[in-house]
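Notes follow once the structure below has been shown.
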Amino acid sequence: MLDISKIRNQFPILSSKVNGEDLVYFDNGATTQKPQSVITAESNYYQNENSNVHRGVHFLSGLATDKFEETRITIQNFISAKHSHEIIFTKGTTDSINIVASGYRALLNKGDEIIISELEHHSNIVPWQMCCEQSGATLKVIPLLDNGSLDMIAFENFLSENTKLVSVSHISNTLGTINPIEEIIEKAQAVGAKVMIDGAQAAAHIPINMQSLGADFYCFSAHKLYGPTGVGVLYGKEFFLTKFPPYQGGGEMIKEVSFKKTTYACLPHKFEAGTPNIAGVVAFKSAIDFITELGLSNIAKYEEELLLYATEEVLKIEGLKIYGTAKNKSGIISFNINKLHPYDIGMIVDKMGIAIRTGHHCTQPIMERFNIPGTARISLAVYNTKEEIDICIKAIKKAKMMLS
Amino acid sequence: MNTIQNIQAEIVEDFEMFEDWMQKYEYLIELGKELALIEKQYKTEDNLIKGCQSRVWLHAEKQDGKIIYTADSDAIMTKGIIAILIRVLSEQKLEDIIHADLSFIDTIGLKEQLSVTRANGLVSMIKKMKLYALAYQN
Ligand SMILES: Cc1ncc(COP(=O)(O)O)c(C=O)c1O
């Protein structure tokens, strides 16, 4: 059992007031709040440890490098990767996907196919569109069923020897659907395709294990995982990352530079050109430690309980429709009430101190699929409580009354 | 006389009566419901205002040297906000619209009531209204 009030106490921002009311933060899908340990680690780095990594011989440079590499090992363990050099530090999920997409640009030819799905975040759509445009490959999109899950029959029909890559999200940031990625990976790899998983919404909520999952690439952002902004992870199988061309040229990523020929550094540095967000990477470790201490399976269990409670309670609001009712769901509830515009609802509950997200959530194809301008979205984290859900629902009811 | 200045003063007076945000919002919602709606044929891409998170269409027509605005939005609060702007600027002379000093917006704290994205939308709306007046002048 998790002690939620003890967890809440670790997050300074959760005791703040918004518009004169206690903050209720339900926009965790966009970014989570940070525990004191992460905030301290980031400022402590600048106060006591700051130096550039992998460069100098002096004491501080060594210390910064050790700290930086410690996070890599921590993440390797966190996602059960085989090697630490399979962990590449990036700016975030978007950056990670772009690295892979830009690598594929050089590897693909006309006639090759990439498969994505209708529920992807724009950052798992646009890089592939660009990749296809430049390589001549074709993009195929797995359609959604009405309950917000993937049409797996359509997916299987797409698969052929032309399929080179499948890139889908682990969990939909708008619908909350947990996609059957084990099945997707198995079936795609059976036809010789590689699989990339966008784990932005998963890494803080359900346990992930790279070795048993077998994904070729997996990525996520630190900031959605109680960590700092501007840091993310690209996991890639050693074999593949070795074959991949570098993404950006610069310092750190080289072995030898001359005007005749430059050779590239080994993994992971090949993909980490330039001075990285060292403070962010160092603080990222504290975020992972925070999660590991609580235990991801405990977190998943608690958030599921919250999701069930919140779903039951919001459905008591007359005229409310939930988008995304797949059997296997994470703590995300997207909804509309009658013909009310989600912005109107969001504006009013904001005045009552409640942060929910409204709009298309960077998933315009989903909005088109359901023919709606947007939704209001509640997304949960481990520090949320049933009391907060009650407060939120009361506020939504109030908004509905004012707007109808 | 219903000059821009006079109407602004009236609105400021209206808002002074409200005790909290809820009354302001309720007032905006009421105004939104009463907004003079744009005719369907003018709900075009050209008349859509960029910079608003909800969709806003604005149309302007010239009659006897004055401009008449009509608008619509899919969000009711946005409609309320544009209704206020229309109350101030519609049926005014071109010159007056172009040079209008809309300081009442700060006085009634409308911007603080809105999130940043909405405040940007508000700026876009005012800009578009003035641009229409300029276009008709030339
Ligand atoms: C499913 C999914 N993919 C990708 C992203 C992009 O993540 P970031 O903005 O951290 O790069 C998000 C963030 O909202 C997301 O929810």
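The values are calculated or read from the model by the stated rules, or taken from the named source; none is laboratory data. This is a predicted model, so every value here is computed, not measured. When we count neighbours, we look across all protein chains shown, and the Cβ atoms used for this are built from the backbone with ideal geometry, even at glycine. Note: accessible area is taken over every heavy atom of the protein model, side chains too, but ligands, DNA and RNA are not part of it. Shrake-Rupley method; radii C 1.70, N 1.55, O 1.52, S 1.80 Å.
Counting just the Cα atoms, what span does the protein assembly as shown cover along each of its three principal axes? Round to the nearest Å and put the largest first.
For the protein assembly as shown, the Cα spread along each principal axis is 78, 55, 54 Å.
Counting alpha carbon pairs within less than 8 Å and at least 6 residues apart, what relative contact order, in whole percent, applies to the stretch A:39-293?
Working: 478 pairs, mean separation 62.1, N = 255.
Relative contact order of the stretch A:39-293: 24 percent.
Calculate the length of the line joining the C-alpha centroid of the stretch A:138-215 to that of the stretch B:65-80, in whole Å.
Answer, in whole Å: 44.
With every protein chain present, what accessible area does B:D74 have (1.4 Å probe, heavy atoms only), rounded to the nearest 10 Å²?
50 Å²
Taking chain A as a Gaussian network, where each spring joins two C-alpha atoms under 10 Å apart, which residue of A:N157, A:N52, A:N98 fluctuates the most?
Most flexible of the set in this elastic network: A:N157.
Using helices alone, what [θ] at 222 nm do you get for the protein assembly as shown, with -39,500 (n - 2.57) per DSSP H run of 4 or more residues, divided over all residues and rounded to the nearest 500?
Details: 21 runs with 234 residues, N = 542.
That calculation yields -13000 deg cm²/dmol at 222 nm.
Which residues of the stretch B:57-84 bury at least 30 Å² of accessible area once all protein chains are present, versus their chain alone (1.4 Å probe)?
The answer is B:D74, B:I76, B:M77.
Within the stretch A:300-404, which GluC sites (Glu not before Pro) sit in a loop by DSSP and count at most 16 neighbouring Cβ atoms inside 10 Å?
Working: sites: A:E303, A:E304, A:E305, A:E312, A:E313, A:E318, A:E368, A:E387, A:E388; in loops: A:E318.
Taking the stretch A:300-404 and a limit of 16 other Cβ atoms within 10 Å, the loop GluC sites (Glu not before Pro) found are A:E318.
Order A:D95, A:D350, most accessible first, counting only protein heavy atoms with a 1.4 angstrom probe. Could you put the intermediate results ahead of the total?
On the way: A:D95 25, A:D350 65 Å².
Ranked list, largest accessible area first: A:D350, A:D95.
Over the stretch A:39-293, average the accessible area per residue using a 1.4 Å probe and give it in Å², no decimals. Provide the component values of the computation, followed by the final result.
Details: 10310 Å² over 255 residues.
Accessible surface, normalised per residue, equals 40 Å².
Cut-off 10 angstrom, C-alpha nodes, Gaussian network model of chain A. Which of A:G230, A:G56, A:G148 fluctuates the most?
A:G56
Which of rounded, prolate, oblate describes the stretch A:118-238, given a ≥ b ≥ c as roots of the alpha-carbon gyration tensor eigenvalues and a/c under 1.5 marking rounded, otherwise prolate only if a/b is larger than b/c?
Details: a/c = 1.42, a/b = 1.35, b/c = 1.06.
Rounded, because the longest to shortest axis ratio a/c is under 1.5.
How many nm is it between the label spots at A:C266 and A:S404, if each spot is 7 Å from the Cα in line with the beta carbon?
If labels sit at A:C266 and A:S404, their model points lie 6.6 nm apart.
Out of the DSSP beta bridges found with both residues in the protein assembly as shown, what percent are antiparallel (nearest 5)? Working shown, then result.
Working: 38 of 58 bridges.
Of all bridge pairs located within the protein assembly as shown, approximately 65 percent are antiparallel.
Taking chain A as a Gaussian network, Cα atoms linked when under 10 Å apart, which of A:I13, A:I153, A:I87 shows the biggest mean-square fluctuation?
Per the Cα network of chain A with a 10 Å cutoff, A:I153 tops the list.
Report, to the nearest 10°, how far helix A:93-107 tilts away from the longest principal axis of the Cα atoms in chain A, using its own Cα long axis and a range of 0 to 90°.
Long axis of A:93-107 versus the principal axis of chain A: about 50 degrees.
Equivalent-ellipsoid semi-axes (√(5λ), Cα gyration tensor) for the stretch A:1-127, whole Å, largest first? Could you put the intermediate results ahead of the total?
Values: eigenvalues 217, 149, 40 Å².
Here the semi-axes work out to 33, 27, 14 Å.
Can you give me the solvent accessible area of A:W128 with a 1.4 Å probe, rounded to the nearest 10 Å²?
0 Å²
Between the stretch A:334-396 and the stretch A:17-36, what is the separation of their alpha carbon centroids in Å?
14 Å
Heavy atoms only, 1.4 Å probe, whole protein assembly: order A:D289, A:D344 by accessible area, highest first.
Numbers: A:D289 55, A:D344 5 Å².
The ranking, largest first, comes out as A:D289, A:D344.
Sorted by accessible area with a 1.4 angstrom probe, largest first, how do B:Y69, A:Y264 fall?
Highest to lowest solvent-accessible surface, that is A:Y264, B:Y69.
What are the ³J(HN,Hα) values, in whole Hz, obtained from phi via the Karplus relation 6.51 cos²θ - 1.76 cosθ + 1.60 with θ = phi - 60°, for each residue of the stretch A:53-60 in sequence order, with x given for Gly and Pro?
9, 6, 10, x, 9, 7, 3, 5
Using Cα-Cα distances under 8 Å and only pairs 6 or more residues apart, what relative contact order does the stretch B:4-137 have, in percent?
On the way: 177 pairs, mean separation 39.1, N = 134.
Reported as a whole number, the value is 29 percent.
At q = 0.10, 0.11, 0.12, 0.13 Å⁻¹, what is the log10 ratio I(q)/I(0) for the stretch A:295-403, with the Debye formula run over Cα points and no solvent?
-0.27, -0.33, -0.39, -0.46
Keeping all protein chains in the complex and leaving out DNA, RNA and ligands, what accessible area do you get for A:S135 with a 1.4 Å probe, in Å² to the nearest 10?
20 Å²
How long are the semi-axes of the equivalent ellipsoid of the stretch B:11-117, taking √(5λ) for every eigenvalue λ of the Cα gyration tensor, in whole Å from largest down?
Details: eigenvalues 105, 63, 31 Å².
Value: 23, 18, 12 Å, ordered largest first.
Based on the Kirkwood radius over alpha-carbon pairs, what is the Stokes-Einstein translational diffusion coefficient of the stretch A:39-293 at 4 °C with 1.567 mPa s viscosity, in µm²/s? Walk me through the numbers on the way to the answer.
On the way: Rh = 18.9 Å.
Here the translational diffusion coefficient equals 69 µm²/s.
Go through A:K351/B:K40; A:K82/A:K255; A:K6/A:K400; A:K321/A:K394; A:K398/B:K40 and tell me which ones have a Cα-Cα distance over 28 Å in this structure. Kindly include the intermediate steps, with their values, before the conclusion.
Working: A:K351/B:K40 33 Å; A:K82/A:K255 24 Å; A:K6/A:K400 34 Å; A:K321/A:K394 17 Å; A:K398/B:K40 32 Å.
A:K351/B:K40; A:K6/A:K400; A:K398/B:K40, as the Cα separations exceed 28 Å there.
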